[in-house]
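Below is one structure, written out as structure tokens, with a few remarks after it.
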Ligand code: SAM
Ligand code: SF4
Ligand code: SF4
């Protein structure tokens, strides 16, 4: 285990939130745009032609992102993940990766993508300093996948992206699959078999009530327990110890040897107690929870000329006031609250 990821190894200069959680991971959304319209994330009816995405001048520049990343690193963040929207929609993402790979104190630099771009970009990202690739794929069956991405994108191209990422040394590749009842639960076993055979780590994710546009209903959630039973019945599983405190996936290995699989139970078994994640939106707002309604405007501070010490103090003060545990409270106190979209805040 890397010391960076430790929940307990906390330097004096690193802030803790009101529940004693350190800041360890920073998820950076580099754009709110995407070339897919996954029905559970950016449904076409809402994210159609007339939808107002952030104007270019409101996006953080790469220099601004790198500067903030360095300030976050000074406060204890050691893992960075680029996300969105679709991060590869941002021109020259490789340039940003190169800048972030130079930030002292960062020892993990990962990208979450839908894997729909020309394969040449993988080598460029790896050369720029990317360490790990996570690819989202919700089905092996073309008809099911196309209905979910809603732009007719084929499975084969994403599978090629996964293989090329592994070949480029960005593995083991994690493959995110959001499971929705009545939509793709029949794809759990084919996906598990396929990814296992090739040494990729499938992560089955409970459909979450992020944002307010995806028509989420509790009835549409296939719970982690149900997902586990489906896989375990054909390929018996044994639990693995978490790699570090705060890891979101429950990890299992296949009992007959070889391979790992994760289940992310954000709805049925929330893990807020160990949540060390901060999120930076594409327009520079700091969110301390995936379900937060408001973010602290770091872009305004940056553009008003704040120095690093001032930025650091502002971020520390937000973190020290953090009391988020939305998923733990979900059913009791959060029904009907407004929420920001995942494509904006970064998944
Ligand atoms: N576009 C990239 C992608 O799809 O990998 C990165 C951004 S996407 C918002 C990040 C992850 O969030 C994806 O793996 C996606 O499947 C997941 N996601 C989006 N909406 C979700 C929801 N309602 N419940 C669970 N996971 C969701
Ligand atoms: Fe785009 Fe990713 Fe959301 Fe799908 S999950 S719409 S690929 S941002
Ligand atoms: Fe962290 Fe918020 Fe998710 Fe809880 S609901 S695990 S605090 S992001």
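Every number in this text was worked out from the coordinates using simple rules, so none of it is lab data. Every value quoted in this text rests on a predicted model; they were computed, and no experiment measured them. As a convention, Cβ positions derive from the backbone with ideal geometry for all residues, glycine included, and neighbour counts pool all protein chains shown.
Summary of values
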item: Protection proxy ranking of 261-270, 238-247 - average other beta-carbon atoms within 10 Å, highest first; result: 261-270, 238-247
item: Over segment 185-315, relative contact order from alpha-carbon pairs under 8 Å, at least 6 apart, %; result: 21 percent
item: Cα principal axis extents for segment 239-347, largest first, Å; result: 58, 34, 25
item: Rounded if a/c under 1.5, otherwise prolate or oblate - segment 1-149, Cα gyration tensor axes; result: prolate
item: For 63, 341, 206, order by how many other beta-carbon atoms lie within 10 Å, fewest first; result: 63, 341, 206
item: Stretchable slack from residue 317 to residue 229, in nm (0.36 nm times residue separation minus alpha-carbon distance); result: 27.4 nm
item: Pairwise centroid distance, computed over Cα atoms, of segment 200-261 with segment 67-145, Å; result: 23 Å
item: Potential lengthening between residue 293 and residue 102 on full extension [0.36 nm per residue; Cα-Cα distance subtracted]; result: 65.6 nm
item: Cα-based shape type of segment 164-221, given that a ≥ b ≥ c are square roots of the gyration tensor eigenvalues and the cut on a/c is 1.5; result: oblate
item: Global geometry of segment 120-275, whether rounded, prolate or oblate, following the gyration tensor of its Cα atoms and the 1.5 cut on a/c; result: rounded
item: Relative contact order (%) - the chain, alpha-carbon pairs under 8 angstrom, separation at least six; result: 22 percent
item: When the convex hull of its Cα atoms is projected in every direction, mean area for segment 194-252 (nm²); result: 5.6 nm²
item: DSSP beta bridge pairing in segment 4-345, given as percent antiparallel to the nearest 5; result: 30 percent
item: Choice from 217, 132, 181 with maximal GNM fluctuation in the chain (Cα, 10 Å cutoff); result: 217
item: Residue exposure sequence - 134, 213, 83 - by fewest surrounding Cβ within 10 Å; result: 213, 134, 83
item: Length gained when the stretch residue 181-residue 218 is fully extended (0.36 nm per residue, less Cα-Cα span); result: 12.3 nm
item: Over the chain: helical MRE at 222 nm, DSSP H runs n ≥ 4 each giving -39500 (n - 2.57), nearest 500; result: -8500 deg cm²/dmol
item: Stokes-Einstein D for segment 4-345, Kirkwood Rh over Cα pairs, 4 °C, 1.567 mPa s (µm²/s); result: 63 µm²/s
